[in-house]
Amino acid sequence: RGRMRGNADCQYFEDALKFGGSLRSSAHLNIMQRHALDAHFQHREKAEVAMTALVSGGAGFVGGHLVRALLRAGHAVRVVDDLSTGQRVNAAGSEFHKGDVCDADLLAHVMRGVDTVYHLAAIASVTRSLEDPLAVHRANVGGTLAVLEAARHAGPSERGVRRVVFASSAGVYGD
């Protein structure tokens, strides 16, 4: 933590986590700021209440890094992933639910008691979007809508979903 990594996406999510889930690019932090943030979060009071987070697509490469960062920060983590491109090992330590992000019943179940949702589940392949645009649309657009609807129905309550963080992909730029 706090050091530059080869994968900017992973650092981006760790930085977003450090700012309580707000979306700030790691480019906004210099190395001294990263070290200061690390020191702050390593010495925070133990009395701080951990959140429960849901990571859709948490078995993927970037999702796995986010899951590990959340777990290191002491948060409870649930993952929903269909394992179409991810690996279960990337979500180690989480409460794992294998399933489709478009499954409203599954999402309603896993959203109970969740504070923050990190929505990373998607088909990021430009090639696949050209070969099967309806399947990609269903997963990417339909999946996002399903997550938002499930979060809306899960809160607002004392312990309902307070924040949904959507992450996109460089795949939106094409080849």
So the check is Cβ under 8 Å with 6+ separation or different chains; which pairs have a first residue in the range 144-160 that's under 17 Å from MET51 (Cβ atoms) and part of a loop (DSSP other than H, G, I, E, B) and a second one that's open to solvent by 30 Å² or more (accessible area, probe 1.4 Å) and modelled with pLDDT under 85? none
Out of all the residues in the range 101-121, which are charged (D, E, K, R) and either touching a helix residue (DSSP H, G or I) at 6+ places or on another chain (Cβ under 6 Å) or open to solvent by 10 Å² or more (accessible area, probe 1.4 Å) (or both)? ASP103, ASP105, ARG112
Among the candidates ALA104, ALA108, ALA122, residue that is under 14 Å from the mean Cα position of the chain (by Cα) and touching a residue at least 24 places away in the same chain (Cβ under 8 Å): ALA122
When the residues of the range 64-85 are filtered to those that are closer than 15 Å to GLY99 by Cβ and modelled with pLDDT of 95 or more, which remaining residue is most open to solvent (accessible area, probe 1.4 Å)? ASP82
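Residues checked against (1) closer than 18 Å to VAL147 by Cα; (2) part of a helix (DSSP H, G or I); (3) touching a helix residue (DSSP H, G or I) at 6+ places or on another chain (Cβ under 7 Å); (4) hydrophobic (A, V, I, L, M, F, W, C):
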residue	(1), (2), (3), (4)
GLY74	no, no, no, no
ARG78	yes, no, yes, no
GLY86	no, no, yes, no
VAL89	no, yes, no, yes
THR127	no, yes, no, no
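The values are calculated or read from the model by the stated rules, or taken from the named source; none is laboratory data. Note that the structure is predicted; figures quoted are calculated from it, not measured. All Cβ positions, even for glycine, are placed from backbone atoms using ideal geometry, and neighbour counts span all protein chains on display. Protein only, heavy atoms only, side chains kept; ligands, DNA and RNA dropped before computing areas. Shrake-Rupley method; radii C 1.70, N 1.55, O 1.52, S 1.80 Å.
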